[in-house]
1. Assign unit charges at the C-beta atoms only (+1 for Lys and Arg, -1 for Asp and Glu), then state the dipole size of the stretch 52-170 relative to its Cα centre in Debye, rounded to the nearest 20.
2. For L46, L156, L35, L124, give the ranking by accessible area with the largest first, probe 1.4 Å.
3. Within 10 Å of each candidate Cβ there may be at most 12 other Cβ atoms; applying that plus a DSSP loop requirement, which chymotrypsin sites (Phe, Trp or Tyr not before Pro) in the stretch 74-138 survive?
4. Return the carbon/sulfur percentage of the accessible area of the stretch 47-99, one whole number, probe 1.4 Å, all protein chains in place.
5. Quick one: what are the phi-derived ³J(HN,Hα) couplings along the stretch 37-45, Karplus 6.51/-1.76/1.60 with θ = phi - 60°, whole Hz, x for glycine and proline?
6. Just to confirm a number: summing +1 for Lys and Arg and -1 for Asp and Glu over residues other than A101 whose beta-carbon lies under 15 angstrom from that of A101, what do you get?
7. Suppose accessible area is computed on protein heavy atoms with a 1.4 Å probe; arrange V34, V55 from highest to lowest.
8. Testing the spin-label approximation: label points 7 Å from Cα along Cα→Cβ at Q54 and D106. State their distance in nm.
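The values are calculated or read from the model by the stated rules, or taken from the named source; none is laboratory data. Since the model is a prediction, treat every value here as computed from it, not as a measurement. Please note: Cβ atoms are built from the backbone with ideal geometry, for glycine as well, and neighbour counts cover all protein chains shown. With ligands, DNA and RNA removed, areas are computed over all heavy atoms of the protein, side chains included. Shrake-Rupley method; radii C 1.70, N 1.55, O 1.52, S 1.80 Å.
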Amino acid sequence: DASPGEHHGQMMGNAKTVAAQIPASLGAAPTEDVLDLSGEGSYVELPPRLFINQVVTVEGWGKWREFGVYSRFFQFADAGLQIGLMNFANTATLRFERFRAPAFDDLVVADVPDLIRLNQWNHLAVATGTNWSKLYLNGVLITTNEAPHGWRPGSLPPLRNFLGRSVMKG
């Protein structure tokens with residue numbers, strides 16, 4: 001990373017970049033390099049204090065090979081906003097979470113049932129602030145509805161930032 005302060009992330013497990021076929025109908029070039037997180041133990045850890053903004057947009061291309069239990073696209077717990085995007089439980093429901101760290105205070109969720117298709121590339125984007133969010137799939141706004149959720153982890157997770165991994169793991 002050539003940003004000021006030389007922030008560096010770390011790839012773990014079987015994370016690698018590979019050439020992937022992204023459908024031309026999605027507007028991408030036929031072959032692109034992508035980060036391939038092949039399963040258990042594969043993730044990217046991003047630097048601490050990832051961003052300090054109280055309004056942020058996070059976006060990228062994602063493809064689920066299977067619906068693991070709460071498989072994360074990303075989860076950021078050491079940032080200006082604590083947010084995560086994942087499938088719900090082991091289903092095709094896309095879930096966005098926003099909370100206040102470190103105790104998961106004021107957890108809210110936005111669920112979009114039966115949205116994710118296995119082995120299909122999708123462009124996912126979240127625009128969010130301290131009390132609102134907008135979730136997009138392939139450039140289309142799919143929800144702004146958030147609901148309070150009373151869940152809290154049994155023990156507080158570390159303040160870390162991940163692509164492809166939960167902050168609650170191990």
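1. So the dipole magnitude of the stretch 52-170 works out to roughly 300 debye.
2. From most accessible down to least: L156, L35, L46, L124.
3. Of the chymotrypsin sites (Phe, Trp or Tyr not before Pro), the ones in loops of the stretch 74-138 whose Cβ has at most 12 other Cβ atoms within 10 Å are W132.
4. About 52 percent, which is the carbon plus sulfur part of the accessible surface.
5. 9, 7, x, 3, x, 9, 6, 10, 9
6. +1
7. Ranked list, largest accessible area first: V55, V34.
8. 0.9 nm
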